[in-house]
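Shown next, in structure tokens, is the structure this report addresses.
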Amino acid sequence: MRRRTLLVATALGAALASQAVLATPAAPATLPPATTGPTSTTTTTTPTTTTTPTTTTPPPTPTTTTPTTTPGGGVSIGLATGPYRLAGRGTVVQVTPTSAPPPVTDWKTGSVPNCTPGSLIRGVDTGGRRMVSFTFDDGPWPHHTQAIMDSFAARGLTATFFMIGQNLASYPDIGRSVVARGFAVGNHAMSHRYSTSVIAAEVAQMNSLIAVVLGVRTPYFRSPGLTEGSSIQWALANSGQCNLFTNVDLRDWITPRRTASQLCASFANSLGPGQIVLLHDGGSHSQTVAAVPCMLDVAAARGYEVVPLHELLAAGRPFERRGLATSPAVFE
């Protein structure tokens, strides 16, 4: 079943060369029912005088991150440089460019409102407007990713899938189907290791893989394990991405897995305006897949809009730090 297209092999040639080899993910569980050129100077000569016209030096061309093909057939991608300022906020270091990127509204263009490069976002202050956005980590994954998209599509809704490079390489067709069906994609690093230095190094590598395999750029990143560190934020400032966390832990990742009904109850008890809901589709998360329809129905019954990330981020002021929800049902 695992087919490697030449495209994916090419993309991973350089991207994974320096990474440690991790164990292949376990088989998924069964779903229960239910630049400018050089400046030249022109000299005009007459029989009596020589005049040199005044020239104006153009502004420097912004440095961008551009994938290049290596002799070995892989893809390498360099980090951009630019004038950034460092701002400390508690134990989190925010890295913010001195000039904001132009606002756009389509995640495929590589930037969205309020997704400031180098920022860390846990939620959005919507002023009480009932809006939430769903995100899913660790895919793409057989059956789970498609089933979750089906639940959203049946209700005319969408979500964002934060993909791991190793899984995108294993299941490129599933990854492409996410984009083809109108869902958004986020960078969740290449190997899902909880090391700040590894994560920072993998930001550009995964961006390259997403560009080659899926044909898109994404402004969205999420650190594996919600790992925090200044090196990660610097890498994201250079790549033009924001780090999207959450302020609610539904704990669908614990072992043994929580049931679909427990997950839906936790969602219902912790639901609030401006939340970025974090769940998982990659790996043994059939219970999460089964809980999604219930969660969407709860949100609708309570008058919540389930919106794409770019709409949520544009609806208010993103915040960096806020305590995790403390509803007993979330942590039971």
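Here are a few things to note about the model shown:
- Answer residue from region 130-144, given it is farther than 18 Å from Val306 by Cβ and either more than 18 Å from the chain's Cα centre (by Cα) or of a type outside the set (Asp, Glu) (or both) and is most open to solvent (accessible area, probe 1.4 Å) among those: His143
- In region 249-271, residue modelled with the lowest pLDDT [restricted to those that are open to solvent by 10 Å² or more (accessible area, probe 1.4 Å) and within 21 Å of Leu313 (Cβ to Cβ)]: Asp249
- Residue check for Gly240: open to solvent by 10 Å² or more (accessible area, probe 1.4 Å), over 25 Å from Ile148 (Cβ atoms), of a type in the set (Gly, Ala, Ser) and modelled with pLDDT under 95: yes
- Which numbered condition Val216 misses (of (1) touching a strand residue (DSSP E or B) at 6+ places or on another chain (Cβ under 9 Å); (2) under 23 Å from Pro318 (Cα atoms); (3) hydrophobic (A, V, I, L, M, F, W, C); (4) open to solvent by 10 Å² or more (accessible area, probe 1.4 Å)): (2)
- In region 270-295, the residues that are at positive phi reach residues that are part of a loop (DSSP other than H, G, I, E, B) with C-beta atoms within less than 7 angstrom, at least six apart or across chains, in these pairs: Gly274/Thr126; Gly274/Gly316; Gly283/Pro25; Gly283/Ala26; Gly283/Pro28; Gly283/Trp141.
The values are calculated or read from the model by the stated rules, or taken from the named source; none is laboratory data. Here the structure is a predicted model, which means the values were calculated and not measured. With ideal geometry, Cβ positions are generated from the backbone for all residues, glycine too; neighbour counts draw on all protein chains shown. All accessible areas refer to the heavy atoms of the entire protein, side chains included, with ligands and DNA or RNA removed. Shrake-Rupley method; radii C 1.70, N 1.55, O 1.52, S 1.80 Å.
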